[in-house]
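A short reminder: the numbers here are calculations on the coordinates, not readings from a lab. Fair warning: this is a prediction, and the values are worked out from it, not measured in the lab. Heads up, the Cβs are rebuilt from the backbone with ideal geometry, glycines too, and the neighbour counts pull from every protein chain shown.
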Amino acid sequence: MPDDSTATAPAASEAASDAAGTVLERADALAAHSEEPGRLTRRFATPALARAGDLVLGWMRDAGMTAGRDAIGNVAGRWAPPGLPAGAPTLLLGSHLDTVRDAGRYDGALGVLVALAVVEGVRRRSGGPPFAIEVLGFADEEGVRYGTAYLGSSVVAGTFDRSALDRRDADGIAMADAIAASGGDQAAFDAARRDPADLLGYVEVHIEQGPVLEAEDLPVGVVTGIAGQTRCEVVFAGVAGHAGTVPMALRRDALAGAAEWIGAVEARGRAVDGLVATVGEATVAPGASNVIPGRVALSLDVRHLDDAVREAAVAELRARAEEIVAARGLGAAFTEVQATPAVACSPGLTRALEAAVDDTGVRVARLPSGAGHDAAVMARICDVAMLFVRCAGGVSHNPAEAVAAADVAVAIDVVRRLVDTLARAR
Ligand code: GLV
Ligand code: MN
Ligand code: MN
């Protein structure tokens with residue numbers, strides 16, 4: 001077992017340090033591909049995502065990988081050592097290439113680029129592993145465009161919910177049409193599913209998105225599990241009217257009701273240990289300063305490591321919305337868009353990852369993930385393990401996201417060592 005008393009030893013190999021420099025340059029190059037001038041926004045099935053994917057495909061081919069897109073637009077590159085027997089398994093490495101609005105450049109992209117760096121290192125050595133390595137860059141993890149996360153990995157895992165194809169984005173474009181317009185093929189989703197029997201596991205490197213590693217002065221940490229999440233759409237319906245003429249007692253103000261409920265969401269999150277509850281989007285209609293709001297559409301995102309706690313919170317918030325609209329003479333529609341259970345990382349693969357961290361001389365820290373990751377979906381078809389990389393101030397979903405090259409080098413070293421360990425074990 002790894003020794004928890006080992007001092008932090010951040011010096012990675014020279015090869016990994018060079019590779020880390022390339023990873024950071026590539027992250028900058030990817031960040032240039034955005035839907036919006038002056039800030040990074042790269043949602044599912046957009047031309048910006050396609051351009052970023054093209055860059056990654058080019059780097060994959062330069063690294064000797066066979067590369068292409070699958071039916072939903074995930075990019076995938078495959079490298080097999082010369083002479084690998086048919087039927088040998090595949091180790092999957094990767095993360096996502098989509099972003100939130102006004103994003104940082106490392107959430108998702110770092111895991112794809114570190115995976116690529118690992119393959120570039122492994123293929124230079126003689127005597128490759130007795131398995132193939134595939135690098136995946138998922139087309140949607142954030143769920144920003146359609147309010148439903150993990151579209152990319154759910155096709156790979158065979159868990160894609162086809163009812164989502166009818167969902168519309170803010171411009172009224174149906175998901176099915178966006179997929180077709182970006183070159184995808186929903187009829188081929190089933191064929192894009194990976195066969196669990198072929199897979200050795202899925203390993204994802206990701207920025208921590210929290211402050212723990214920085215506080216512990218550690219470059220990397222091993223993830224124990226990923227919190228479950230529920231995403232909902234909640235609509236408050238009132239009656240639009242004249243802001244100057246309708247007396248306060250006679251109003252049915254949808255925004256006033258929504259505001260009361262948002263306060264309840266925050267209070268519930270604060271009251272339960274480990275629970276987080278967020279209203280991140282609000283659309284007010286008709287939306288004029290002299291009109292009483294007639295309709296408010298909100299998003300709700302609730303997370304906890306214990307599924308029962310999360311589900312109880314969602315039920316309580318639904319009941320609270322019903323109480324508020326009853327008291328105010330409003331209507332409400334509460335729709336659960338997506339619920340993803342909490343996932344524990346796989347013990348065997350995670351132990352191997354811990355040993356690889358220990359091998360680099362870095363003290364092994366274990367921490368849970370409050371953020372969602374593609375590994376939560378990939379766990380449906382194979383073993384999963386995740387490595388977090390320290391990020392400055394724990395900041396993410398923010399253009400201020402930053403990582404240190406030295407920490408990225410440690411992550412590359414760790415995953416290369418993990419590949420070696422897995423190779424020896426076969
Ligand atoms: C993705 O970053 C999420 O956790 O929502
Ligand atoms: Mn992410
Ligand atoms: Mn994210």
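Please list, by residue number, everything in segment 37-80 whose backbone N is under 16 Å from a paramagnetic label point 7 Å out along Cα→Cβ of Asp18.
Within reach of a label on Asp18: 63.
Could you size up the charge dipole of the chain around its Cα centre, putting +1 on the beta carbon of Lys and Arg and -1 on that of Asp and Glu, and report it in debye to the nearest 20?
With Lys and Arg at +1 and Asp and Glu at -1, about 520 debye.
Full-extension gain between Ala176 and Ala29, please, as 0.36 nm times their residue separation minus the C-alpha to C-alpha distance.
Additional length available on full extension: 50.0 nm.
For the pair Arg51/Leu250, report the inter-label distance in nm, with labels modelled 7 Å from Cα in the Cβ direction.
Result: 5.5 nm between the two label points.
Any idea what Rg and Dmax come out to for segment 9-90 if you just take the C-alpha atoms, in Å?
When restricted to the Cα atoms of segment 9-90, Rg and Dmax are 16.0, 49 Å.
Once the Cα gyration tensor of segment 105-233 is found, what semi-axes does its equivalent ellipsoid get, as square roots of 5 times the eigenvalues, in whole Å, sorted largest first?
30, 22, 14
Is there a quick way to get the dipole size of segment 335-383? I mean about its Cα centre, with the Cβ of Lys and Arg at +1 and of Asp and Glu at -1; what is the value in debye to the nearest 20?
Once rounded to the nearest 20, the dipole reads 100 debye.
Which whole-number percentage describes the relative contact order of segment 71-227, with Cα contacts under 8 Å and a sequence gap of 6 or more?
RCO, segment 71-227: 33 percent.
Based on the Kirkwood radius over alpha-carbon pairs, what is the Stokes-Einstein translational diffusion coefficient of segment 269-426 at 37 °C with 0.692 mPa s viscosity, in µm²/s?
Estimated diffusion coefficient is 169 µm²/s.
Quick check: the angle from helix 307-328's long axis to the longest principal axis of the chain, C-alpha only, nearest 10 degrees?
20
Mind giving me the FRET efficiency for Ala333 and Glu311? R0 is 22 Å, r the Cβ-Cβ distance, nearest 0.05 is fine.
0.65
Translational D (Stokes-Einstein, µm²/s) of segment 67-128 at 4 °C and 1.567 mPa s when Rh comes from the Kirkwood sum over C-alpha pairs?
95
Give the separation of the Cα centroids, segment 80-94 to segment 99-176, in Å.
20
Could you give P(r) for segment 386-426, binned at 10 Å from zero, as whole percent values over all Cα-Cα pairs?
26, 40, 22, 11, 1
Compute the acute angle (0 to 90°) between the alpha-carbon long axis of helix 47-62 and the principal axis of greatest extent of the alpha-carbon atoms of the chain; round to the nearest 10°.
10
Mind grabbing the base-10 log of I(q)/I(0) for segment 239-352 at q = 0.17, 0.18, 0.19 Å⁻¹? Debye formula, identical points on the C-alpha positions, no solvent, two decimal places.
Relative scattering, expressed as log10 I(q)/I(0), comes to -0.85, -0.92, -0.99.
Beyond 20 Å, what share of the Cα-Cα pairs of segment 185-245 is found? Please give it as a whole percent.
In whole percent, the share of Cα-Cα pairs in segment 185-245 beyond 20 Å is 68.
Strictly greater than 13 Å: what percent of every Cα pair in segment 111-152 meets that?
62
Grab the beta carbon distance between Ala404 and Glu322, set R0 = 45 Å, and tell me the FRET efficiency rounded to 0.05.
0.40
If packing is taken as the average count of other Cβ atoms within 10 Å, what order do 168-176, 222-230, 152-160 fall into, highest mean first?
152-160, 222-230, 168-176
Quick one: Cα convex hull volume of segment 294-337, Å³ per residue?
Once divided by residue count, the hull of segment 294-337 is 66 Å³.
Express the relative contact order of the chain as a whole percentage, based on alpha carbon pairs under 8 Å and six or more residues apart in sequence.
Relative contact order comes out at 25 percent.
Which three extents, in whole angstrom, do the alpha-carbon atoms of the chain cover along their principal axes, largest first?
Largest to smallest, the principal-axis extents are 80, 49, 40 Å.
Using per-residue counts of other Cβ atoms within 10 Å, averaged over each peptide, order 139-150, 269-280, 240-251 from highest down.
So the order, starting with the most tightly packed, is 139-150, 269-280, 240-251.
For the chain, what does the helix formula give at 222 nm: sum of -39500 (n - 2.57) over DSSP H segments with n ≥ 4, over the residue count, nearest 500 deg cm²/dmol?
Estimated from H runs of four or more residues: -11000 deg cm²/dmol.
Report, to the nearest 10°, how far helix 347-359 tilts away from the longest principal axis of the Cα atoms in the chain, using its own Cα long axis and a range of 0 to 90°.
On a 0 to 90 degree scale, this one is about 60.
Starting from the Cα-Cα distance between Thr159 and Asp273, subtract it from 0.36 nm times their residue separation and give me the gain in nm to one decimal.
Length gained between Thr159 and Asp273: 38.0 nm.
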